[in-house]
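Have a look at the structure below, then the notes.
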Amino acid sequence: MCKRLATVLMTLLTVLLLTGCSAEKKAVTEAAEGFLNGMVANDKEVVSQYVSEEFMKSETMQLMDPDYLADAFYAAMNVKKEDMNEETQKAVDAYVGEVVERAYQSFKIQDIKVQDTTAAVTVNITLGYDPDASAQIPEETIDLISQYQSDHYDELVSIYTDEGENAMYRKLYNDLIPIVVGKMQEALAADTTTEEKTILTLEKVDGKWLITNLEENRPDAAAGSTEEAATAATTSTEYAAETEFAAEGSTSSEYAEEAATDGEYSE
């Protein structure tokens with residue numbers, strides 16, 4: 001009798017444990033799917049329901065915010081947004097908006113591991129572009145920058161001489177940014193989708209499973225795929241400011257200063 005009772009109790013305990021594990025796995029799955037569906041829909045309110053407060057404030061999540069990316073764009077080029085004209089600001093907003101919009105297209109959960117109050121979810125995410133390819137400066141863009149420098153060289157040197165370096169860079173960026181980010185936006189739209197393995201870390205907080213970290217499992221992914229695409233345009237535009245206009249080893253401002261000193265363009 002006692003032996004039979006012990007067997008029944010062990011069976012019941014096993015069932016309860018399995019039921020508990022199944023329930024936790026289901027809750028983790030629902031949290032991961034809720035978060036990922038919010039990311040695909042670019043809905044921050046939905047996403048915030050499935051992540052910790054700290055993670056919601058992290059750079060990973062900020063990279064899904066077009067306003068944050070636009071500010072990062074201007075900061076990377078060391079220019080003030082208010083110094084850019086309306087056309088330039090609209091071009092930047094359109095580009096970073098496209099980056100965020102195309103980031104998460106779909107997902108498929110591959111594996112879920114739950115241990116006590118922590119969990120790891122492996123997800124295969126389909127991105128709307130190739131982050132590695134998007135981070136490269138297209139040859140066509142470089143050619144456009146070079147042609148601009150050639151066509152506007154005298155004008156830029158004159159602005160530098162009369163109004164200073166900052167005025168020259170404002171002219172340079174206001175003219176080039178719409179061209180550069182326009183080409184980058186075209187490249188995004190024409191790009192193929194890319195699959196990327198991502199690891200979601202979850203913790204059980206006050207009885208609720210929340211995402212606390214996201215790690216892209218591919219080479220050089222620490223910066224984030226969205227950031228890579230956005231900074232590609234920044235890199236392209238910076239190329240215009242740092243490449244040689246005509247003199248060996250001289251940047252645009254250095255060459256303009258040399259020309260002004262020589263009196264070649266000051267008349």
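General observations
- Per atom type, region 56-133 shows carbon and sulfur on 42% of its accessible surface, probed at 1.4 Å.
- Taking 7 Å steps out from each Cα toward its Cβ at Asp93 and Thr201 produces label points 3.7 nm apart.
- Over region 37-132: Rg over Rh, Cα atoms, Kirkwood Rh: 1.06
- Accessible area per residue (1.4 Å probe, heavy atoms of protein chains only) ranks Val79, Val92 as Val79, Val92, with the largest value leading.
- Rounded to whole numbers, the Karplus 3J(HN,Hα) couplings from phi for region 51-60 are 10, 6, 4, 5, 5, 4, 8, 6, 4, 4 Hz, using 6.51 cos²θ - 1.76 cosθ + 1.60 with θ = phi - 60°, and x at Gly and Pro.
- Candidate residues Met39, Met56: accessible-area rank, largest first, probe 1.4 Å: Met56, Met39
- Taking a straight line from the alpha carbon of Lys208, these lysines sit under 29 Å away, with near neighbours fewer than eight places off in the same chain left out: Lys25, Lys26, Lys44, Lys57, Lys108, Lys113, Lys197.
- Long-range HN-HN contacts of Tyr129 with modeled amide H, under 5 Å: Thr194
- Whole-Hz ³J(HN,Hα) from phi, Karplus 6.51 cos²θ - 1.76 cosθ + 1.60, for region 26-43, glycine and proline x: 5, 5, 5, 4, 5, 5, 5, 5, x, 4, 5, 4, x, 5, 4, 7, 6, 10
- Annotation: amide H-H contacts under 5 Å for Ser106 (H modelled 1.01 Å from N, sequence separation of 5 or more, or interchain): Thr126.
- Remark on Asn213: its backbone amide H falls under 5 Å from those of Thr201, a criterion applied only to residues 5 or more positions apart or on other chains, H modelled at 1.01 Å from N.
The values are calculated or read from the model by the stated rules, or taken from the named source; none is laboratory data. Keep in mind that this is a model prediction, so the values were computed, not measured. In this analysis, Cβ positions are derived from the backbone assuming ideal geometry, glycine residues included, and neighbour counts consider all displayed protein chains. These area figures cover heavy atoms from the full protein model, side chains too; ligands, DNA and RNA do not enter into them. Shrake-Rupley method; radii C 1.70, N 1.55, O 1.52, S 1.80 Å.
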